[in-house]
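Comments concern the structure below.
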Amino acid sequence: MAQRAQEAVALRRSNAAVVKPQHRIGWSGNTLILALTEDWFLIPRLEDAARAVGARLEVAARPEDLGASGDPAPRAVPLTEPVEGADAAMVRRIVAERPRLILMDSEARDLPWECWLQVLKTSAATRRIPIVVFGPYVEGDVLARARALGADQVLARGHFLGDLPELLRAALEAQPESQLRRAG
(Lines give C-alpha, C1' and ligand atoms only; values in the text may rest on other atoms or scores of the structure.)
Protein backbone atom coordinates (compact mmCIF):
# COMPACT_ATOMS: atom_id res chain seq x y z
CA MET A 1 0.00 0.00 0.00
CA ALA A 2 2.78 2.45 0.94
CA GLN A 3 4.66 1.53 -2.23
CA ARG A 4 1.58 2.31 -4.35
CA ALA A 5 1.24 5.69 -2.65
CA GLN A 6 4.90 6.47 -3.35
CA GLU A 7 4.49 5.43 -6.98
CA ALA A 8 1.41 7.64 -7.31
CA VAL A 9 3.28 10.63 -5.89
CA ALA A 10 6.24 9.96 -8.22
CA LEU A 11 3.90 9.67 -11.21
CA ARG A 12 2.08 12.88 -10.28
CA ARG A 13 5.39 14.71 -9.94
CA SER A 14 6.72 13.38 -13.24
CA ASN A 15 3.48 14.33 -14.99
CA ALA A 16 3.45 17.72 -13.28
CA ALA A 17 6.92 18.46 -14.59
CA VAL A 18 5.61 18.44 -18.17
CA VAL A 19 2.46 20.46 -17.47
CA LYS A 20 2.76 23.94 -18.95
CA PRO A 21 1.28 26.84 -17.03
CA GLN A 22 -2.08 27.79 -18.49
CA HIS A 23 -1.53 31.50 -18.18
CA ARG A 24 1.49 33.63 -17.34
CA ILE A 25 1.01 37.28 -16.67
CA GLY A 26 4.52 38.54 -17.14
CA TRP A 27 6.28 37.47 -13.96
CA SER A 28 9.07 34.93 -13.98
CA GLY A 29 8.88 31.37 -12.73
CA ASN A 30 10.73 32.68 -9.70
CA THR A 31 7.53 34.25 -8.42
CA LEU A 32 7.14 32.85 -4.93
CA ILE A 33 3.93 32.04 -3.11
CA LEU A 34 4.49 31.22 0.55
CA ALA A 35 1.95 28.92 2.21
CA LEU A 36 1.77 28.65 5.98
CA THR A 37 -0.05 25.37 6.48
CA GLU A 38 0.32 21.99 8.17
CA ASP A 39 -2.25 20.33 5.90
CA TRP A 40 -0.25 17.80 3.87
CA PHE A 41 -3.32 16.94 1.79
CA LEU A 42 -3.69 20.55 0.72
CA ILE A 43 -0.08 21.10 -0.33
CA PRO A 44 -0.28 19.22 -3.68
CA ARG A 45 -3.33 21.28 -4.67
CA LEU A 46 -1.47 24.47 -3.79
CA GLU A 47 1.59 23.31 -5.77
CA ASP A 48 -0.54 22.52 -8.82
CA ALA A 49 -2.33 25.87 -8.65
CA ALA A 50 0.94 27.79 -8.24
CA ARG A 51 2.41 25.94 -11.20
CA ALA A 52 -0.70 26.73 -13.26
CA VAL A 53 -0.12 30.48 -12.81
CA GLY A 54 3.64 30.23 -13.40
CA ALA A 55 4.73 30.57 -9.78
CA ARG A 56 6.51 28.34 -7.31
CA LEU A 57 5.26 27.41 -3.87
CA GLU A 58 7.17 27.15 -0.63
CA VAL A 59 5.51 25.72 2.47
CA ALA A 60 6.25 26.57 6.08
CA ALA A 61 4.64 24.00 8.37
CA ARG A 62 6.60 24.89 11.52
CA PRO A 63 7.99 28.16 12.92
CA GLU A 64 11.50 26.80 12.39
CA ASP A 65 10.84 26.72 8.64
CA LEU A 66 10.92 30.52 8.73
CA GLY A 67 13.75 30.80 11.24
CA ALA A 68 11.32 31.68 14.01
CA SER A 69 12.31 29.25 16.72
CA GLY A 70 11.85 30.32 20.30
CA ASP A 71 9.47 32.74 21.90
CA PRO A 72 8.80 36.17 20.44
CA ALA A 73 10.61 39.02 22.19
CA PRO A 74 8.23 41.27 24.14
CA ARG A 75 7.63 44.70 22.61
CA ALA A 76 6.77 47.75 24.66
CA VAL A 77 4.32 48.84 21.96
CA PRO A 78 2.62 45.75 20.46
CA LEU A 79 2.01 47.18 16.98
CA THR A 80 5.64 48.10 16.33
CA GLU A 81 8.04 46.22 14.12
CA PRO A 82 9.98 43.50 15.96
CA VAL A 83 13.74 44.04 16.08
CA GLU A 84 14.76 40.88 17.90
CA GLY A 85 13.45 37.43 18.72
CA ALA A 86 11.47 34.90 16.71
CA ASP A 87 9.16 37.44 15.06
CA ALA A 88 12.10 39.52 13.82
CA ALA A 89 13.77 36.39 12.42
CA MET A 90 10.55 35.50 10.60
CA VAL A 91 10.27 39.00 9.08
CA ARG A 92 13.92 38.91 7.96
CA ARG A 93 13.39 35.52 6.32
CA ILE A 94 10.27 36.67 4.49
CA VAL A 95 12.02 39.84 3.32
CA ALA A 96 14.92 37.72 2.03
CA GLU A 97 12.60 35.28 0.22
CA ARG A 98 10.42 38.08 -1.27
CA PRO A 99 7.13 36.19 -1.71
CA ARG A 100 4.54 37.86 -3.94
CA LEU A 101 1.70 36.29 -1.94
CA ILE A 102 1.31 34.65 1.47
CA LEU A 103 -1.40 32.07 2.16
CA MET A 104 -2.23 31.40 5.82
CA ASP A 105 -4.22 28.42 7.02
CA SER A 106 -6.20 29.34 10.13
CA GLU A 107 -6.25 25.66 11.13
CA ALA A 108 -2.45 25.52 11.44
CA ARG A 109 -2.18 24.91 15.18
CA ASP A 110 1.62 24.79 15.40
CA LEU A 111 2.05 28.08 13.55
CA PRO A 112 1.31 31.34 15.37
CA TRP A 113 -0.46 32.64 12.28
CA GLU A 114 -2.47 35.32 14.12
CA CYS A 115 0.66 36.80 15.68
CA TRP A 116 2.53 36.58 12.38
CA LEU A 117 -0.32 38.19 10.46
CA GLN A 118 -0.22 41.18 12.79
CA VAL A 119 3.57 41.38 12.63
CA LEU A 120 3.67 41.14 8.83
CA LYS A 121 0.98 43.76 8.36
CA THR A 122 2.63 46.24 10.76
CA SER A 123 6.17 45.79 9.47
CA ALA A 124 7.24 48.38 6.89
CA ALA A 125 9.21 45.73 5.01
CA THR A 126 6.31 43.28 4.59
CA ARG A 127 3.01 45.14 4.93
CA ARG A 128 2.49 45.40 1.14
CA ILE A 129 2.70 41.64 0.59
CA PRO A 130 -0.86 40.42 0.09
CA ILE A 131 -1.97 37.85 2.66
CA VAL A 132 -4.90 35.49 2.13
CA VAL A 133 -6.21 33.71 5.23
CA PHE A 134 -8.46 30.69 4.76
CA GLY A 135 -10.22 28.38 7.19
CA PRO A 136 -13.45 26.54 7.92
CA TYR A 137 -16.58 28.61 7.42
CA VAL A 138 -17.87 27.38 10.80
CA GLU A 139 -15.05 29.25 12.53
CA GLY A 140 -16.49 32.65 11.74
CA ASP A 141 -14.90 34.26 14.79
CA VAL A 142 -11.43 33.12 13.69
CA LEU A 143 -11.99 34.47 10.18
CA ALA A 144 -13.27 37.76 11.64
CA ARG A 145 -10.08 38.04 13.76
CA ALA A 146 -8.00 37.49 10.62
CA ARG A 147 -9.88 40.33 8.93
CA ALA A 148 -9.35 42.58 11.96
CA LEU A 149 -5.61 41.76 12.06
CA GLY A 150 -5.19 43.02 8.50
CA ALA A 151 -5.55 40.08 6.12
CA ASP A 152 -6.05 41.32 2.58
CA GLN A 153 -8.51 38.54 1.87
CA VAL A 154 -10.29 36.12 4.22
CA LEU A 155 -12.02 33.12 2.70
CA ALA A 156 -13.86 30.03 3.84
CA ARG A 157 -11.83 26.97 2.91
CA GLY A 158 -14.38 25.75 0.36
CA HIS A 159 -14.39 29.07 -1.46
CA PHE A 160 -10.59 29.22 -1.31
CA LEU A 161 -10.25 25.78 -2.88
CA GLY A 162 -13.13 26.28 -5.33
CA ASP A 163 -11.06 27.97 -8.02
CA LEU A 164 -7.60 28.13 -6.57
CA PRO A 165 -5.62 28.98 -9.74
CA GLU A 166 -7.93 31.89 -10.53
CA LEU A 167 -7.72 33.17 -6.96
CA LEU A 168 -3.89 33.04 -7.06
CA ARG A 169 -3.82 34.71 -10.47
CA ALA A 170 -6.08 37.55 -9.29
CA ALA A 171 -4.06 38.06 -6.09
CA LEU A 172 -0.78 38.16 -8.00
CA GLU A 173 -2.13 40.51 -10.67
CA ALA A 174 -3.42 42.89 -7.98
CA GLN A 175 0.07 43.39 -6.53
CA PRO A 176 2.66 44.45 -9.13
CA GLU A 177 6.18 43.24 -8.36
CA SER A 178 7.53 46.81 -8.69
CA GLN A 179 5.45 47.90 -5.67
CA LEU A 180 6.86 45.07 -3.61
CA ARG A 181 10.43 45.99 -4.57
CA ARG A 182 9.89 49.55 -3.32
CA ALA A 183 8.42 48.25 -0.06
CA GLY A 184 11.41 46.05 0.80
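Does any residue in region 30-43 that is under 12 Å from Leu111 (Cβ atoms) come within less than 8 Å, Cβ to Cβ, of a residue that is buried (at least 20 other Cβ atoms within 10 Å of the Cβ) and of a type in the set (Phe, Trp, Tyr) six or more places away or on a different chain, and which pairs are these? What qualifies is Leu36/Trp113; Leu36/Trp116. Among the residues of region 126-155, those that are of a type in the set (A, V, I, L, M), at pLDDT 90 or above and over 21 Å from Val59 (Cβ atoms) comprise Leu143, Ala144, Ala148, Leu149.
Hey, any hits in region 136-152 for a residue that's under 20 Å from Arg45 (Cβ atoms), surrounded by fewer than 17 Cβ atoms within 10 Å (Cβ to Cβ) and among the hydrophobic types (A, V, I, L, M, F, W, C)? No; the residues of region 136-152 include none that is under 20 Å from Arg45 (Cβ atoms), surrounded by fewer than 17 Cβ atoms within 10 Å (Cβ to Cβ) and among the hydrophobic types (A, V, I, L, M, F, W, C). The set of residues from region 153-172 being surrounded by 15 or more Cβ atoms within 10 Å (Cβ to Cβ), touching a Phe, Trp or Tyr at 6+ places or on another chain (Cβ under 9 Å) and within 19 Å of Leu42 (Cα to Cα) comprises Gln153, Val154, Leu155, Ala156, Arg157, Phe160, Leu161, Leu167.
The values are calculated or read from the model by the stated rules, or taken from the named source; none is laboratory data. Note that the structure is a prediction, hence the values are computed from the model and not measured. Reconstructed Cβ throughout: ideal geometry from the backbone, glycine too, with neighbour counts over all protein chains shown.
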